[in-house]
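The values are calculated or read from the model by the stated rules, or taken from the named source; none is laboratory data. What you are looking at is a predicted structure, and each value in this text was computed from that prediction instead of being measured. We place every Cβ from the backbone using ideal geometry, glycine too, and count neighbours over all the protein chains shown. In case anyone asks, the SASA skips ligands and DNA or RNA and just uses the protein heavy atoms, side chains included. Shrake-Rupley method; radii C 1.70, N 1.55, O 1.52, S 1.80 Å.
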Amino acid sequence: MPYSVPKLETYSAEELDKAVAELLNALQQESQSISDETTWTDFRNRWTARKNGILTQINDGWLKAAPGPQKREVGQRVNQVRQRVEAVVEETKESLSGAGSEKRLKAEAVDITLPGTQRQLGATHPITLVMDEIVSVFKAMGYSVAEGPEIETDYYNFEALNFPLNHPARDMQDTIFIAGQEKKQQRDRLLLRTHTSPVQIRYMEKHQPPVRVVIPGRVYRNDAPDATHSPMFHQIEGLAVDTNITFSDLKGTLDHAMKMLFGSRIKTKLRPSFFPFTEPSAEVLVTCPFCTKGCRVCKMSGWIELLGAGMVDPALYGYVGYDPAKVSGFAFGMGLDRLAAMKYGVDDIQLFFHGDVRFLRQFA
Ligand code: PHE
């Protein structure tokens, strides 16, 4: 039988003694069955709940109901009981959390004599090393750095770069188109960008001249992977647009950059070429950094072809709202993967993308 508060009849000292003794006895007994948070909460509510808790019951049933002359005596007893009940509620709570924390301490104990978990430090990928190096050469000449999306529209990758629809120049870049877009207009169709040049347009749309920017990034072409090709590779684009920029600025800038990258012994030369978005266009060659009279890297020619470049075709200015009568500029684009392979003497660019730590560790 759970304890229930009895009614008092005489309010005599003996009756009170007995009732209080019984109550404290019940308190003691019930407190012993507390084993966790839930049973403790039940216990606390049963005894101290404002609504119908045992303390409330004795307050109403004993104190309030007591006849006038007995009120003082009853009030003292009820107060004693209240203090005792509150103390037991407190103590049981404390011993509960004490036991819990001991359990927790045991469970969370750490053996500090065990060897620690080693976390290997990452290192910069060789392509990123080369990219950072080139970026810093151009930063030193006052260039900013920009980036653009790898999934690009036909408009930015081709049309605004002056590749007319169906023009054979598009065939120079075996493009990976995203499937299922036949219903879209050609210019809205998505593709994996074949070069970083679309960011020239994106950048000029957002910035007014003077522009000096380099744009590193990943590009994609439908090439079968082999020692010198990869369907995913890296380029860094350069763009300078201002008033009175001339072809000799292009030559001087690239010559300086190549000397910074490969050493002051390096010479550069230009060879006529074609790109729809530059006019005139050129291929840039550097003297082989590895030899003076011909080696395997330069295929015995003494020269290595490194970049495409040229004066920005004024047609592009029409697409971005620049006035072609007022501005001129140059652009260049350089592949990073073959450059990195050359620089580090790697004979297969596929090695850069296999993620083999034994290979990558050599650059750490
Ligand atoms: N975008 C060209 C390519 O990928 C390179 C280039 C960039 C040429 C800028 C001229 C000017 O082949």
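Taking the conditions exactly as written (within 14 Å of GLY335 (Cα to Cα) and not aliphatic (A, V, I, L, M)), does GLU237 satisfy them or not? So GLU237 passes the test. If I go through the stretch 56-90 residue by residue, how many of them are out of contact with any helix residue (DSSP H, G or I) (no Cβ under 8 Å at 6 or more places or on another chain) and charged (D, E, K, R)? Total meeting the criteria: 4. Restricting attention to the stretch 165-207 and to residues that are more than 32 Å from the chain's Cα centre (by Cα) and touching a residue at least 40 places away in the same chain (Cβ under 8 Å), the residue that is farthest from the ligand (Cβ to nearest atom) turns out to be HIS167.
PHE262 fulfils the conditions (1) closer than 18 Å to TYR143 by Cβ; (2) open to solvent by 40 Å² or more (accessible area, probe 1.4 Å) except for a single criterion, (1). Kindly indicate whether ASP154 is of a type in the set (Asp, Glu) and within 16 Å of the ligand (Cβ to nearest atom). Spelling it out, ASP154 is indeed of a type in the set (Asp, Glu) and within 16 Å of the ligand (Cβ to nearest atom). Residue by residue through the stretch 313-349, note down the ones that are surrounded by fewer than 16 Cβ atoms within 10 Å (Cβ to Cβ) and either within 13 Å of the ligand (Cβ to nearest atom) or among the basic types (Lys, Arg) (or both). Scanning the stretch 313-349 gives a single hit, LYS326. The residue of the stretch 146-175 that is most open to solvent (accessible area, probe 1.4 Å), among those that are part of a strand (DSSP E or B) and in contact with a Lys or Arg (Cβ under 7 Å, 6 or more places away or on another chain), is THR153. In this structure, is GLU237 more than 16 Å from the ligand (Cβ to nearest atom) and in contact (Cβ under 8 Å) with a residue 24 or more places away in the chain? Considered against the rule, which asks whether it is more than 16 Å from the ligand (Cβ to nearest atom) and in contact (Cβ under 8 Å) with a residue 24 or more places away in the chain, GLU237 comes out as no.
Of all residue pairs spaced 6 or more apart or on separate chains, those with beta-carbon atoms under 6 Å, a first member in the stretch 350-364 that is surrounded by 11 or more Cβ atoms within 10 Å (Cβ to Cβ) and a second member that is not aliphatic (A, V, I, L, M) are GLN350/PRO225; LEU351/PHE359; PHE363/PRO126. The numbered conditions (1) modelled with pLDDT under 95; (2) within 24 Å of PRO216 (Cα to Cα); (3) surrounded by fewer than 17 Cβ atoms within 10 Å (Cβ to Cβ) are all true for HIS256 except (1). Every listed requirement among (1) in contact with a strand residue (DSSP E or B) (Cβ under 7 Å, 6 or more places away or on another chain); (2) assigned to a helix (DSSP H, G or I); (3) aliphatic (A, V, I, L, M) is met by VAL214 save one, (2). With the structure loaded, tell me whether THR243 is surrounded by fewer than 21 Cβ atoms within 10 Å (Cβ to Cβ) and within 16 Å of LEU307 (Cα to Cα) or whether it fails that test. Taking the combined requirement at face value, the residue does not satisfy it. Among the residues of the stretch 108-128, are any within 16 Å of the ligand (Cβ to nearest atom), part of a loop (DSSP other than H, G, I, E, B) and open to solvent by 40 Å² or more (accessible area, probe 1.4 Å)? Scanning the stretch 108-128 turns up no residue that is within 16 Å of the ligand (Cβ to nearest atom), part of a loop (DSSP other than H, G, I, E, B) and open to solvent by 40 Å² or more (accessible area, probe 1.4 Å). Where helices (runs of 4 or more DSSP H) sit wholly within the stretch 1-86, those with at least 2 residues that are β-branched (Val, Ile, Thr) occupy 37-48, 54-58.
Residues checked against (1) within 16 Å of the ligand (Cβ to nearest atom); (2) more than 26 Å from ALA227 (Cβ to Cβ); (3) in contact with a Pro (Cβ under 7 Å, 6 or more places away or on another chain); (4) of a type in the set (Lys, Arg):
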{"position": "PHE262", "(1), (2), (3), (4)": "no, no, yes, no"}
{"position": "LEU270", "(1), (2), (3), (4)": "yes, yes, no, no"}
{"position": "PHE274", "(1), (2), (3), (4)": "yes, yes, no, no"}
{"position": "GLU279", "(1), (2), (3), (4)": "yes, yes, no, no"}
{"position": "ALA282", "(1), (2), (3), (4)": "yes, yes, yes, no"}
{"position": "PRO289", "(1), (2), (3), (4)": "no, no, no, no"}
{"position": "LYS299", "(1), (2), (3), (4)": "no, no, no, yes"}
{"position": "TRP303", "(1), (2), (3), (4)": "no, no, no, no"}
{"position": "MET311", "(1), (2), (3), (4)": "yes, yes, yes, no"}
